[in-house]
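First up is the structure itself, then whatever we jot down about it.
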Amino acid sequence: MPIKLIVFDLDDTLLDTTTLLIPIAKTPAFEKRIREPLPLLPGALENLIRLEAKYQLVLLTQGRLDAQQAKIKSTGIESFFNVCYIADPKNSETKADYFLRIKKDFQLQNGEFLSIGNRRFSDIREAKKAGGLTCLFKYGEHQDELPEVAEDHSDFEVHSHKDLIRICKL
């Protein structure tokens, strides 16, 4: 089945969290920095522009609600996405819940959405369980994590945005 919708992760998939934000996490500098303009990873903006013309795009990120909202706003990418979902661990929310919701809300069949993210556990495994195709974006602090279960193996794997469209056949 052809892909109809692409689900993007934010941290270390579109935004270089490892370099820009992790070193200052849990400091006042972090709270200030996430409210200033944040650059996307090289090639991310160009990919969003190209992919928005052909697919429905959804952002699915996980973390503290106010911090994730601030990062989304500071990157200026909201307009590319049909909807931006934030799984808030404080409310016991996981990406698994949202992948199922996306599939239902957009009336998708198995294989009609692609999840692109840097974490095997949440972006790959949970998307596969919901019937999605997956692309592991090997970047940032989690790039060396090894698969723990069969669902942790992605359908595609990229190290940068310049290869994303070609490797995922988008």
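Odds and ends about this structure:
- With respect to the conditions (1) within 24 Å of Lys128 (Cα to Cα); (2) open to solvent by 50 Å² or more (accessible area, probe 1.4 Å), Arg33 falls short on a single one, namely (1).
- So Gln68, is it modelled with pLDDT of 95 or more, under 13 Å from Gly132 (Cα atoms) and either open to solvent by less than 20 Å² (accessible area, probe 1.4 Å) or not in a strand (DSSP E or B) (or both): no
- Residue tally, condition open to solvent by 50 Å² or more (accessible area, probe 1.4 Å), at pLDDT below 95 and part of a loop (DSSP other than H, G, I, E, B), over the range 71-92: 1
- Residue in the range 4-20 that is open to solvent by 30 Å² or more (accessible area, probe 1.4 Å) and either farther than 24 Å from His142 by Cα or in contact with a Pro (Cβ under 6 Å, 6 or more places away or on another chain) (or both) present: yes
- Flag if Pro39 is within 24 Å of Gln143 (Cα to Cα), over 16 Å from the mean Cα position of the chain (by Cα) and free of Cβ contacts under 8 Å to residues at least 40 places away in the same chain: no
- Checklist (1) under 21 Å from Phe99 (Cα atoms); (2) over 15 Å from the mean Cα position of the chain (by Cα) applied to Leu146, failing item: (1)
- Of the set (1) open to solvent by 50 Å² or more (accessible area, probe 1.4 Å); (2) more than 17 Å from Leu60 (Cα to Cα), all apply to Leu100 but (2).
- Any hit, the range 83-99, residues being farther than 30 Å from Pro37 by Cα, acidic (Asp, Glu) and in contact with a Gly (Cβ under 9 Å, 6 or more places away or on another chain): no
- Check on Lys26, modelled with pLDDT of 95 or more, open to solvent by 30 Å² or more (accessible area, probe 1.4 Å) and assigned to a loop (DSSP other than H, G, I, E, B): no
- Residue within the range 95-105 that is touching a residue at least 60 places away in the same chain (Cβ under 8 Å) and over 12 Å from the mean Cα position of the chain (by Cα) present: yes
- Residues that are under 23 Å from Ile49 (Cβ atoms) and crowded, with 16+ Cβ neighbours inside 10 Å, drawn from the range 139-162: Tyr139, Gly140, Phe156, Val158, His161
- Qualifying residue in the range 38-58 (condition: assigned to a strand (DSSP E or B), closer than 22 Å to Leu164 by Cβ, open to solvent by less than 10 Å² (accessible area, probe 1.4 Å) and touching a helix residue (DSSP H, G or I) at 6+ places or on another chain (Cβ under 8 Å)): yes
- Single condition Gly111 does not satisfy, out of (1) part of a helix (DSSP H, G or I); (2) on the phi > 0 side of the Ramachandran plot: (1)
The values are calculated or read from the model by the stated rules, or taken from the named source; none is laboratory data. Just so you know, these numbers come straight off a predicted model, no measurement behind them. Ideal geometry is used to build each Cβ from the backbone, glycine not excepted, and the neighbour counts take in all protein chains shown. Note: areas computed on protein heavy atoms with side chains; ligands, DNA, RNA excluded. Shrake-Rupley method; radii C 1.70, N 1.55, O 1.52, S 1.80 Å.
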